[in-house]
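Notes to accompany the following structure.
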Amino acid sequence: MTRNLLVSVIVVIGCLVMAAAAADEDDRKADRAAIREATQSFVAAFEKGDAAQVAAHLTAGAELNPDDAPGIRGRDAIQKACAEHFARNPQQKFTLEPESVRFTSRDTAVEEGLMRTSVENEAPATQRYSLLHVREDGKWLLAEIQEWPSEGTELRDLDWLIGSWQAKRPDAEVRTTYEWLGNKAFIRGNITIRRKDSTLSGMQLIGVDPQTGDLNIWIFESDGGVAQGTCTREGKTWIFETSGLLADGGELAATNILARVDNDTITWQPINLTVGDEEIGNLPPVKVTRVKATATK
């Protein structure tokens, strides 16, 4: 089988699978809409910190299985646990990003996806979730909520980076604008460095390596330099291990530490910097601030 023929077969199979999924969605379109509305109402109640309203979305024997605590059974017990949680964590943001909803019977459905929670000025935490939806007396309720850690570092953990950032020094100004690329498969950063007598530019791509599942970064400079590396997270700190080639063929390697101070401030520090045969070592951290959008009349 030639490579072109193999690609054609994969495309045809992919189209058939997508067509089957679309047909299934059409078959349960009203149920999907009702489940989506019920889930959005549940999230709104959670964000308001209303334990009674959260409990109103549960079956009497509902189960909550968090990833970092023992399971809780029963609507009343979950309501009590939620009230205690809201007292400790006011103004918590809570979003669900569903990836799939499959119906296991006429009145049951399983939803899976990513759950993101954050407290004011804290980086969001991402976990995976599963919801068991059950229809009782014509109303979709939650019978089981399961949480577990997401595997590796999620690209969506960096969505707070979206926007424009700048760093100013006496001899230069650096401006970077981050945006989602495609179906949020990559984050693209466009970098401009302005000096008194010159302007440099480049582009970053941050995304998941399909083969390893690792979060990677690729860097392309306007003069021909290229580099790539991996991204890992430790709390509020992101570590970018990169290496590559300058436009003149010289090698470059560095560990870049990105520390999130708050929603509008980060620090960027290259350490273990090596250019060619020269070991430069650690550079001081640079303060980077978000560029606020200018209101227009």
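A few points about this structure:
- Flag for Trp238 being closer than 26 Å to Lys292 by Cα and open to solvent by less than 30 Å² (accessible area, probe 1.4 Å): yes
- Residue within the range 209-229 that is part of a loop (DSSP other than H, G, I, E, B), open to solvent by 80 Å² or more (accessible area, probe 1.4 Å) and touching a strand residue (DSSP E or B) at 6+ places or on another chain (Cβ under 8 Å) present: yes
- The selection criterion, being touching a Pro at 6+ places or on another chain (Cβ under 7 Å) and either modelled with pLDDT of 85 or more or over 18 Å from Thr289 (Cβ atoms) (or both), holds for Asp157.
- The residue that is nearest to Asn263 (Cα to Cα), among those in the range 105-141 that are open to solvent by 50 Å² or more (accessible area, probe 1.4 Å) and modelled with pLDDT under 90, is Asn121.
- Cross-chain or 6+ apart pairs with Cβ under 7 Å, the range 135-157 first and farther than 20 Å from Asn65 by Cβ, then of a type in the set (Ser, Thr, Tyr) and at pLDDT 95 or above: Glu136/Thr59
- Of all residue pairs spaced 6 or more apart or on separate chains, those with beta-carbon atoms under 6 Å, a first member in the range 215-229 that is closer than 13 Å to Gly202 by Cβ and a second member that is hydroxyl-bearing (Ser, Thr, Tyr) and not in a loop (DSSP other than H, G, I, E, B) are Ser222/Ser201; Ala227/Thr242.
- Lys196 of a type in the set (D, E, K, R) and in contact with a helix residue (DSSP H, G or I) (Cβ under 8 Å, 6 or more places away or on another chain): no
- Unmet requirement for Arg36, which otherwise passes all of (1) surrounded by fewer than 19 Cβ atoms within 10 Å (Cβ to Cβ); (2) more than 30 Å from Leu161 (Cα to Cα): (2)
The values are calculated or read from the model by the stated rules, or taken from the named source; none is laboratory data. Keep in mind it's a predicted model, so treat the numbers as computed, not measured. Cβ: placed from backbone, ideal geometry, glycine included. Neighbour counts: every protein chain shown. Please note that ligands, DNA and RNA were not included when accessible areas were found on the heavy atoms of the full protein model with its side chains. Shrake-Rupley method; radii C 1.70, N 1.55, O 1.52, S 1.80 Å.
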